[in-house]
Amino acid sequence: MTNSTLDLPKRPWRQRYHVAAIGWTLVLGVLLVLSSLMTGANLGTFLSNIDQFLALLVQMSHPAWSYLHVILQPLYETIQMAILGTTIGAVLAVPFALLAASNLVGNRLLRGLIRFFLDLVRTLPDLLLAAIFVAVFGIGSTAGVITLAIFSFGMVSKLFYEVIETIDMGPLEALKSVGATKVTMIWYAVLPQILNQFVSYFLYTLEINVRASTVLGYLGAGGIGVYLQRSLGEFNYSATAVIILATLVVVLVIDGISNHLRRVLL
Amino acid sequence: MQTTLENHPLTHHLFWRRWHWLLWVVVVAGVYSWAIGGLHFTGIQESAGSVSRSILHGLLHPDWAYVYNGSGEDLSSLILQTLAIAFLGTFVSALISVPFAFWAARTDQHWAHLRSGSGKVVLTLIRTFPEIVLAIMFIKAVGPGSYAGVLAVSIHSIGMLGKLFSESLENMDRGAEEAIRSAGGNRSEILTLATLPTIFPEFISYTLYRFEIAVRSASILGMVGAGGIGTPLIFAIQTRSWSRVGIILLGIIVMVLAIDSLSEQLRKKLI
């Protein structure tokens, strides 16, 4: 009887021998080995060529500041592309977000279809869209704006419908009880509740798009990326360094402005 | 004199509150006129309509023969290669990110901290390089192919995972650490018995999330020659073989959807 109080709870053998943890580690290890075989990853190759890589980094650590006046105009173009693309994408996203919100649309089939469409749009990476739109519209900032519009449409619509699903349904019921139409209900009961959060998410998407638009030009979609590609192609790494640093400054400035505005809004 | 609404001292302040939205209208209009005025939309080629029609036709009639033809250069093997690039890049960098995270995490409330500050600067510097630039740099070092893609993904992931990991270290529950310390545990015991077990599920969750992003980037890194499905995609676009583009796009969509839902399931189980 005295012994039973000292008995520790019995653990099943699965827990005692850590079957799950060892199993997952093995699976992970096998997958890592398989993928390194498949990609031909080999630390030795990298280490034997590391002097070339270091030489490249040394060149990059001496930025050619005189290049700055060349890239000022494309930098502006990058921001302009991001602003227009995000705006078009966000405006297009509003009706889709309203249709995908479960508290506004009762029809499960319609909602499911819209959501599936939005999921599909979100699977495509930005550079892939850029490659296609450059083929359609030709080299230039038009392809960039449209790429960013589609890219932000996918992202914004999901953020928007998740916001709509959190609104207070009281005003909607009030309007419904006096016989308002759907459009009136959305205009007077839904939009006022979500406008601030919409603007906040719009600014957040703008930040992401400014980052994304700096590389879009690499495939010919306008902006600073065109010069990024040119400098890399000419092995002019000190110019590449200037472009990367200038991009960093622009991104930080846009992030700062947008963070400030979002704090004011919410 | 009678005080009316118009000359009351309080309403005078209201003027700014009532009309300040006009200022915002002016600012927003200014930004948009600058944005629209600065761009040139003249570059649209005349064939845009016919090209988009043939793209649609290609998407609706994908080149099914490309899915598997046993050559090792078909869709299924290249999709597998893309997944391998993303997987190796993410999980290797997750291991490397852990020390970076401890370096950059700030656990006291002092406004400036040399160790954490320098760690955060290093992580920001790493994140500054776009993945595509990293890929080109690594192609210089190891030659074109998927190994360059692995290196680009893993270095970029260190910048992002290091930041996410260090933030979760800053916000973690320190109860378990205190318990071990009060029971007389030394620093290595606190690390292995309290800190790591507490933080492990969150680290794994962030790694899976990063894997989802890496799959997307691995599928485009091939456009600059860093292996994976991107290389045949950019060739197909350049040679205008739209049915080939269609099947590759379908492959990427299916791959991304599958990985996203798998990773979501795993992350739900974790947290």
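The values are calculated or read from the model by the stated rules, or taken from the named source; none is laboratory data. What you are looking at is a predicted structure, and each value in this text was computed from that prediction instead of being measured. Cβ: placed from backbone, ideal geometry, glycine included. Neighbour counts: every protein chain shown. To get the accessible areas, we keep the full protein, side chains included, count just its heavy atoms, and leave off ligands, DNA and RNA. Shrake-Rupley method; radii C 1.70, N 1.55, O 1.52, S 1.80 Å.
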What value, in deg cm²/dmol to 500, does the helix sum -39500 (n - 2.57) over DSSP H runs of n ≥ 4 give at 222 nm once divided by the residues of chain A? -25000 deg cm²/dmol
Filtered hits (lysines, Cα-Cα < 23 Å from B:K120, offset >= 8 within chain) -> B:K163
So if I place +1 on the C-beta of Lys and Arg and -1 on the C-beta of Asp and Glu, and nothing else carries charge, what would the dipole magnitude of the protein assembly as shown be about its Cα centre? I want it in debye, nearest 20. 600
If packing is taken as the average number of other Cβ atoms within 10 Å across a peptide's residues, how do A:214-221, A:246-253 rank, most packed first? A:214-221, A:246-253
With +1 on the Cβ of every Lys and Arg and -1 on the Cβ of every Asp and Glu, the dipole magnitude of region A:156-222 about its Cα centre, in debye rounded to the nearest 20, is 180
Calculated FRET efficiency for the pair A:Q52/B:L125, C-beta based, R₀ 22 Å, to 0.05: 0.60
Simple spin-label estimate for A:V264 and A:E162 in nanometres, 7 Å along Cα-Cβ: 2.6
Given springs between every Cα pair under 10 Å in a Gaussian network model of chain B, which of B:T124, B:T239, B:T192 has the largest fluctuation? B:T192
Just going by the charge dipole of chain B, with Lys and Arg at +1 and Asp and Glu at -1 on Cβ, which of B:L23, B:V150, B:A226 is farthest out on the positive end? B:L23
Per residue value of the accessible surface for chain A (all protein chains in place, 1.4 Å probe), Å²: 53
Taking the Cα-to-Cβ direction at A:N107 and at B:L22 and moving 7 Å from each Cα, how far apart do the two end points lie in nm? 4.5
Shielding by partners for B:244-256, please: the mean number of other protein chain Cβ atoms within 10 Å of each residue's Cβ. 2
Straight-line reach from A:K182: which lysines fall under 24 Å, measuring Cα to Cα and dropping same-chain residues less than 8 apart? A:K158
Label-point separation in nm, A:A64 to B:L60, each point 7 Å along Cα→Cβ: 5.0
Which residues, if any, in region A:123-142 have at least 50 Å² less accessible area in the whole protein complex than in the isolated chain, probe 1.4 Å? A:T123, A:P125, A:L127, A:L128, A:I132, A:A135, A:V136, A:F137, A:T142
For region B:191-271, with the dipole built from +1 on Lys and Arg beta-carbon atoms and -1 on Asp and Glu ones, taken about the Cα centre, which of B:F235, B:L249, B:L191 lies farthest toward the positive end? B:F235
Anything in chain B that counts as a DSSP H helix reaching 20 Å or more along its axis (C-alpha) with Kyte-Doolittle mean of at least -0.5? List them, would you? B:9-38, B:75-104, B:114-128, B:146-170, B:196-221, B:242-270
Which order do peptides A:52-61, B:137-146 fall in by mean Cβ count within 10 Å, highest first? B:137-146, A:52-61
Size of electric dipole in region A:114-170: Cβ of Lys, Arg +1 and of Asp, Glu -1, about Cα centre, debye, nearest 20: 200
I'd like to know which of A:L203, A:V178, A:N236 lies farthest towards the positive end of the charge dipole of region A:71-265, counting +1 on Cβ of Lys and Arg and -1 on Cβ of Asp and Glu. A:V178
